[in-house]
Amino acid sequence: MRILAFETTCDETSAAVLEGGRLRSNEVFSQVSLHRKYSGVVPELASRAHLEKIPFVIGGALARAGLRAPLKRGAFDAVAFSRGPGLPGALMVGRVAAEAAAELSGAPLIGVNHLEGHLLACEFAGGRACEPLKFPLVALLVSGGHTELWHARGYGDYRVLGRTRDDAAGEAFDKVAKLLGLPYPGGPEVEKAAARARGKLPDFPRPHMPGTRDFSFSGLKTAVSYYLAGRLGQDFYKRGLRLPPGERDRVCRAFQDAVTETLVKKTADTARSLGLARIAVGGGVSANGALRAAFERLQGFEVRFSERAYCSDNAAMVALCALRRLEAGKFRNSLRVAPGLADPGW
Ligand code: KG4
Ligand code: ZN
């Protein structure tokens, strides 16, 4: 089974070829340098950059897989793309590319949920999808745009149990980094600074939101902002005032500890309440070493992560979702939401 896949939900343009569970290619063009000066992703710039880069990314993915354009009929058994969630203009680029490739190769087109991709990315080891997930499990999906807890009962059988009511975990990392004068994307920068922290840490709240499986990170971001205003003055950001590096590192550490503790506690509580001992963590934020270490310290749970190379957005994970769906003989997913949560319709 040979699958061509596209990923263009946010600021990575990616195409991959997966054959028999082995990755033949996974080309990723990151737009980070384009968005850095705005300290976040600018949707219109992202769409244009996807449009500009996708021909090269497709060419690269085909060449690395030993294939050539133009695509011949029968070149692929399926063509997959991330249908959402993501930036509308960016999504359209991947979808159109996938439709064209599916038409040329006469293959069925499969739209997959980007967050399912982050979950299934846990199966890759050394470029092979050789470590199948064991279901049922609780999935924590933590990216720049989303923070969700899923009850995963099998491939394509998911129930959303909770999600953030405001900022996503990655967004909180990015915004706090911006307040501290660190570059975008903030997650890796905050992690590096946190690792250097020495001495007494500031005290930030743990947004546990008791009685719900939802998350909320905007209050934590505001707590950091109040701390900075207290130390540097109300208009610190406008005046470009920054903490001394040692104190900045301690703020990063205290913030990261608060996010980590909240994510781990809510995930573990959810798994316990469902009587499940398996957890899988995916998405850009799952690259964070402190978060991984905290999950690994959890007693009584088997916790899976994706290899760091597959934590951020990539088309390999999209191809794998399509493969698992073809193996199961079904083209549509069952993604339901818990009562009271909005159904995004992916
Ligand atoms: O999944 P992803 O690549 O893109 C989206 O689907 O959004 O996630 C990107 C997010 C960014 O907010 C970035 O700051 C965060 O993941 N991130 C991290 C780390 N690496 C990336 N957050 C915390 N620690 C990291 N090491
Ligand atoms: Zn993502």
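The values are calculated or read from the model by the stated rules, or taken from the named source; none is laboratory data. Predicted model only: the values in this text are computed from it and were never measured. Here the Cβ positions follow ideal geometry from the backbone for every residue, glycine too, while neighbour counts run over all protein chains shown.
For the range 297-315, the set of residues classified as closer than 11 Å to Ala268 by Cβ and of a type in the set (S, T, N, Q) consists of Gln299 only. Check whether at least one residue in the range 70-89 is closer than 28 Å to His151 by Cα, within 16 Å of ligand 2 (Cβ to nearest atom), in a helix (DSSP H, G or I) and out of contact with any strand residue (DSSP E or B) (no Cβ under 8 Å at 6 or more places or on another chain), and report yes or no. For the range 70-89, residues closer than 28 Å to His151 by Cα, within 16 Å of ligand 2 (Cβ to nearest atom), in a helix (DSSP H, G or I) and out of contact with any strand residue (DSSP E or B) (no Cβ under 8 Å at 6 or more places or on another chain): present. Among residues of the range 193-212 that are more than 19 Å from Val264 (Cβ to Cβ), those with a beta-carbon under 6 Å from a residue that is hydroxyl-bearing (Ser, Thr, Tyr) at least six positions away or on a different chain give the pairs Pro202/Tyr227. Quick check: is even one residue across the range 54-69 under 26 Å from Gly186 (Cα atoms), buried (at least 17 other Cβ atoms within 10 Å of the Cβ) and touching a helix residue (DSSP H, G or I) at 6+ places or on another chain (Cβ under 7 Å)? Checking the range 54-69: at least one residue is under 26 Å from Gly186 (Cα atoms), buried (at least 17 other Cβ atoms within 10 Å of the Cβ) and touching a helix residue (DSSP H, G or I) at 6+ places or on another chain (Cβ under 7 Å). For Ala177, the conditions (1) hydrophobic (A, V, I, L, M, F, W, C); (2) within 20 Å of the chain's Cα centre (by Cα); (3) more than 10 Å from ligand 1 (Cβ to nearest atom) all hold with the exception of (3). Within the range 103-126, the set of residues being of a type in the set (Gly, Ala, Ser), within 16 Å of Glu7 (Cβ to Cβ) and part of a helix (DSSP H, G or I) comprises Gly117, Ala121.
Taking the conditions exactly as written (crowded, with 16+ Cβ neighbours inside 10 Å, within 19 Å of the chain's Cα centre (by Cα), within 28 Å of Gly170 (Cα to Cα) and within 16 Å of ligand 1 (Cβ to nearest atom)), does Ala129 satisfy them or not? No: the conditions fail for Ala129. One residue stands out among those in the range 203-244 that are within 29 Å of the chain's Cα centre (by Cα) and among the small types (Gly, Ala, Ser): the one that is surrounded by the fewest Cβ atoms within 10 Å (Cβ to Cβ), which is Gly211. A search for C-beta distances below 8 Å between a residue of the range 261-288 that is more than 21 Å from Ala194 (Cα to Cα) and any residue that is more than 16 Å from ligand 1 (Cβ to nearest atom) and assigned to a helix (DSSP H, G or I), counting only pairs 6+ apart in sequence or on different chains, returns Ala277/Ala271; Arg278/Ala271; Ile279/Ala268; Ile279/Ala271.
The set of residues in the range 189-221 that are within 27 Å of Val160 (Cα to Cα) and either of a type in the set (Ser, Thr, Tyr) or out of contact with any strand residue (DSSP E or B) (no Cβ under 8 Å at 6 or more places or on another chain) (or both) comprises Pro205, Arg206, His208, Pro210, Gly211, Thr212, Ser216, Ser218, Gly219, Leu220, Lys221. Which one of these does Asp157 not meet: (1) assigned by TED's automatic domain parsing to the domain that holds Asp249; (2) buried (at least 22 other Cβ atoms within 10 Å of the Cβ); (3) under 26 Å from Glu327 (Cβ atoms)? For Asp157, the failing item is (2). In the set (1) without any contact (Cβ under 8 Å) to a residue 40 or more places away in the chain; (2) in a helix (DSSP H, G or I); (3) buried (at least 16 other Cβ atoms within 10 Å of the Cβ), the condition left unmet by Arg253 is number (1). Checking each residue in the range 151-163 for being assigned to a strand (DSSP E or B) and farther than 20 Å from Pro207 by Cβ picks out His151, Ala152, Arg153, Gly154, Asp157, Tyr158, Arg159. Restricting attention to the range 102-124 and to residues that are in contact with a Pro (Cβ under 9 Å, 6 or more places away or on another chain) and away from ligand 1 (no atom under 12 Å from the Cβ), the residue that is nearest to Leu323 (Cα to Cα) turns out to be Glu123. Whenever a residue of the range 301-316 is under 18 Å from Arg24 (Cα atoms) and in a helix (DSSP H, G or I), its partners that are of a type in the set (A, V, I, L, M) and near ligand 1 (Cβ under 10 Å from one of its atoms), lying with C-beta atoms within less than 6 angstrom and at least six residues away or across chains, give the pairs Tyr310/Ala121.
If you go through the range 211-250 and keep only what is assigned to a helix (DSSP H, G or I) and among the charged types (D, E, K, R), you end up with Lys221, Arg231, Glu247, Arg248, Asp249, Arg250.
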